[in-house]
Amino acid sequence: MAKYTIRTMRLDDIDAIVDIQKALVKRSATRRWRKALKVYIETEPKACLVATFKGKPIGFIIGDVKTWGFGMRHSGWIEIIGIHPKHMGTGVGRDLGKRLLRYFRSMEVDGIYTAVRWDSGDLLSFFKSIGFEHSGFLNLEHSGSKR
Ligand SMILES: CC(C)(COP(=O)(O)OP(=O)(O)OC[C@H]1O[C@@H](n2cnc3c(N)ncnc32)[C@H](O)[C@@H]1OP(=O)(O)O)[C@@H](O)C(=O)NCCC(=O)NCCS
């Protein structure tokens, strides 16, 4: 099979990214989701990557370099990754992840982070495979109640 290529994301990729997301989570992206994607592409263009096969996006990863957050000068965060189910398990995720990690290192970040739901075994295993470990942060959650 011909190999995919990786490049930075463009605004005209949004429809295809939304299709991949829909194939993964089985529901359509909200307008807010699309808008957030646009903001990331415009503000952090080198951290928004897409893998294409025959010119069509088959996977994506979005990162963010935060300044001053969480007690660090600069830190890299992987916000979301999604590979179209037809192309999973072919190394696309690994290559996207490694390329984003290279970008974070070029930005001289103090640390690189992400968060994964405890029962997302595929994502946990994936992040471990590209070098992530249990972090020193404690995740806190508020129910949103007025308590
Ligand atoms: C997890 C995910 C990012 C992995 O990407 P991928 O291209 O399919 O995986 P790769 O071929 O690059 O695999 C790299 C490593 O990740 C791990 N891995 C990947 N898929 C896995 C799975 N389903 N179960 C366990 N480990 C997995 C393996 O360690 C693998 O290394 P190996 O092939 O040497 O065993 C991808 O399957 C995905 O997008 N899953 C859905 C994520 C999601 O729900 N995102 C949010 C909604 S948009």
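Do we have any residue at all in the stretch 44-65 that's within 21 Å of Lys3 (Cβ to Cβ), in contact with a Pro (Cβ under 9 Å, 6 or more places away or on another chain), surrounded by 11 or more Cβ atoms within 10 Å (Cβ to Cβ) and of a type in the set (A, V, I, L, M, F, W, C)? So far as the stretch 44-65 goes, yes, one or more of its residues are within 21 Å of Lys3 (Cβ to Cβ), in contact with a Pro (Cβ under 9 Å, 6 or more places away or on another chain), surrounded by 11 or more Cβ atoms within 10 Å (Cβ to Cβ) and of a type in the set (A, V, I, L, M, F, W, C). Summed over the stretch 17-33, the residues that are part of a helix (DSSP H, G or I) and within 13 Å of the ligand (Cβ to nearest atom) give a count of 10. For the stretch 18-50, a residue qualifies if it is closer than 14 Å to Ile61 by Cα, without any contact (Cβ under 8 Å) to a residue 60 or more places away in the chain and β-branched (Val, Ile, Thr), and the qualifying residues are Val18, Ile41, Val50.
Taking each residue of the stretch 91-108 that is more than 11 Å from Ala47 (Cα to Cα) and basic (Lys, Arg) and looking for partners that are outside any loop (DSSP other than H, G, I, E, B) and at pLDDT 95 or above with beta-carbon atoms closer than 7 Å, six or more apart or interchain, yields Arg94/Ser129. The residue of the stretch 117-147 that is farthest from Leu101 (Cα to Cα), among those that are away from the ligand (no atom under 16 Å from the Cβ), surrounded by fewer than 11 Cβ atoms within 10 Å (Cβ to Cβ) and of a type in the set (Gly, Ala, Ser), is Ser145.
Quick check on the stretch 70-80. Is at least one of its residues acidic (Asp, Glu) and under 19 Å from Thr8 (Cβ atoms)? Scanning the stretch 70-80, I find at least one residue that is acidic (Asp, Glu) and under 19 Å from Thr8 (Cβ atoms), so the answer is yes.
Scanning the stretch 16-34 for any residue that is under 13 Å from His84 (Cβ atoms) and among the aromatic types (Phe, Trp, Tyr) turns up nothing. Across the stretch 51-101, the number of residues qualifying as assigned to a strand (DSSP E or B), within 13 Å of the ligand (Cβ to nearest atom) and β-branched (Val, Ile, Thr) comes to 7.
The values are calculated or read from the model by the stated rules, or taken from the named source; none is laboratory data. Quick caveat: nothing in here was measured; it's all calculated off a predicted structure. We place every Cβ from the backbone using ideal geometry, glycine too, and count neighbours over all the protein chains shown.
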